[in-house]
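The structure under discussion appears below in the form of structure tokens.
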Amino acid sequence: MSPSLSQALDALSGTDVVVVPLLLSAGYHVLSDIPSVAAGRLRVRVTPHLGPDPLVIEAVASRLAQARGGLDPATSVLAAIGSTRDAARAEVALAAHQLSTLLGRAVDVLSLGGAAEAALARYPQPIEVAVYLLAEGGFLAGLRRSVRHVGVVADPIGVHPALVSLVWQRYDALNEPPGYRRRR
């Protein structure tokens, strides 16, 4: 995408900047890319990434409820992009556990990628798929094709009010002047 983070920060040189990574897990971008771009830049601070904050899980559950309609699912899964990073996998597992607690039923993790369709075939039907993604894309399109006859797939989190609230909270936490009142 353009501009890159580095280009954007260069354009804002001399300005106080708070970077809020719109990412859900501690993968490569969170642990390597963003810190390396921000390193050594004065007046640039980086917040933690978004997941698996309870507000993200609230947004995921809300999108799932919208998709479910009258479906009585036999299986609930949380679809997320797979990672080779242990920290990212642990956060997705925690997100599934939090969603399970919120829904009051078991929620398995479905790693999106080459084997997702085969994994879906092993689950009892009908299947409801919660989506641990921020936006539309190829992974979600493939998932919808795989599930269309056996269940429902929620929309991505998108610009959900709970997510917007979390972004503001992350920003405010690094940008509060003395006496400032947090947004609610």
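Kindly indicate whether S25 is touching a residue at least 24 places away in the same chain (Cβ under 8 Å), within 16 Å of L133 (Cα to Cα), outside the structural domain of Y132 (by TED's automatic domain parsing) and touching a Ser or Thr at 6+ places or on another chain (Cβ under 7 Å).
Working: touching a residue at least 24 places away in the same chain (Cβ under 8 Å): yes; within 16 Å of L133 (Cα to Cα): yes; outside the structural domain of Y132 (by TED's automatic domain parsing): yes; touching a Ser or Thr at 6+ places or on another chain (Cβ under 7 Å): yes.
The answer is yes for S25.
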> Looking at (1) hydrophobic (A, V, I, L, M, F, W, C); (2) closer than 19 Å to A115 by Cα; (3) touching a residue at least 24 places away in the same chain (Cβ under 8 Å), can you tell me which one L134 breaks?
Replying inline: (2)
>> Anything in region 19-76 that is modelled with pLDDT under 90, part of a loop (DSSP other than H, G, I, E, B) and under 18 Å from the mean Cα position of the chain (by Cα)? List them, or say none.
In response: G27
>> Here is a check on your reading of the model: is V107 among the β-branched types (V, I, T) and touching a Pro at 6+ places or on another chain (Cβ under 7 Å)?
In response: no
> If we keep just the residues of region 132-149 that are surrounded by fewer than 13 Cβ atoms within 10 Å (Cβ to Cβ) and hydrophobic (A, V, I, L, M, F, W, C), which is modelled with the highest pLDDT?
Replying inline: A135
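Report yes if A106 is at pLDDT 95 or above and closer than 25 Å to L55 by Cβ, otherwise no.
Values: at pLDDT 95 or above: yes; closer than 25 Å to L55 by Cβ: yes.
Yes, satisfied.
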>> Need the failing condition index for V129 against (1) out of contact with any Gly (no Cβ under 9 Å at 6 or more places or on another chain); (2) modelled with pLDDT of 95 or more, just the number.
In response: (1)
>> Need the failing condition index for Y171 against (1) surrounded by fewer than 18 Cβ atoms within 10 Å (Cβ to Cβ); (2) in a helix (DSSP H, G or I); (3) free of Cβ contacts under 8 Å to residues at least 40 places away in the same chain, just the number.
In response: (3)
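The values are calculated or read from the model by the stated rules, or taken from the named source; none is laboratory data. For clarity, every value in this text was computed on a predicted model and none was experimentally measured. Note that we place each Cβ from the backbone using ideal geometry, even for glycine, and neighbour counts take in every protein chain shown.
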